[in-house]
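To keep things clear, I will list the structure first and then write my remarks on it.
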Amino acid sequence: MDRLFARFANTTARVTGSPTAFLICVLVVVIWAISGPFFGFSEDWQLVINTGTTIVTFLMVFLIQNTQNRDGAALQTKLDELIRTSNADDAFMGIERLTDKELEILHEQCEQMARQSQAALEKTRAERTKRAQRKGSRGSAQHLNPALNGEDRS
């Protein structure tokens, strides 16, 4: 039953999310609007579109939610596998089950680690720049002063 419903939900989501389905819906609304004068814009005429759209919306909510739940679970499983097989912290596996407060704390910790990494990166860049400048100034000093190159011009 689960596999049949999953296949039905996926197919329905794919079909209803297509440009063709959208154009069909636009066509239905246009035909309904054009038919208004023929039905005197009656309450029954309005009830047709209201009832139809309510039923379709009601059913689509459940199909879309089912599809999103499965897609989310598949995505989380893939991410967990990447985390498990990498050097990433295993504490991130399954975090989708944490409370909002726990996620907020974990997010703050990640931001703090990112700031520390950024500070270390900036410090490394500054050190490299300083070394490159020292090396560059020594190179130009050696060029100007042959004695620094071990050459004796006396």
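Just so you know, all these numbers are worked out from the coordinates, no wet-lab data involved. Note that the structure is predicted; figures quoted are calculated from it, not measured. Counting neighbours? That spans all protein chains shown, and the Cβs are built from the backbone with ideal geometry, glycine included.
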Q | Which labelled figure in (1) 49; (2) 71; (3) 30 is percent of Cα pairs over 23 Å apart, once derived from the coordinates | A | (2)
Q: Please give the net charge around Cys110, taking every other residue with its beta carbon less than 12 angstrom from that of Cys110, where Lys and Arg add +1 and Asp and Glu add -1.
A: -3
Q | Stretchable slack from Leu23 to Arg115, in nm (0.36 nm times residue separation minus alpha-carbon distance) | A | 28.2 nm
Q | Potential lengthening between Leu106 and Leu47 on full extension [0.36 nm per residue; Cα-Cα distance subtracted] | A | 16.2 nm
Q) Mean Kyte-Doolittle of at least 0.0 and a Cα length of 27 Å or more along the axis: which whole DSSP H helices of the chain meet both? A) 43-84
(Q) Under a Cβ-only charge scheme (Lys and Arg +1, Asp and Glu -1), can you give me the dipole magnitude of segment 2-97 about the Cα centre, in debye to the nearest 20? (A) 280 debye
(Q) Can you tell me which lysines have their Cα less than 27 Å from the Cα of Lys123? Leave out same-chain residues fewer than eight positions away. (A) Lys135
Q.
Which one, Met60, His107, Asn50, projects farthest toward the positive side of the charge dipole computed for the chain from Cβ point charges (K/R +1, D/E -1)?
A. His107
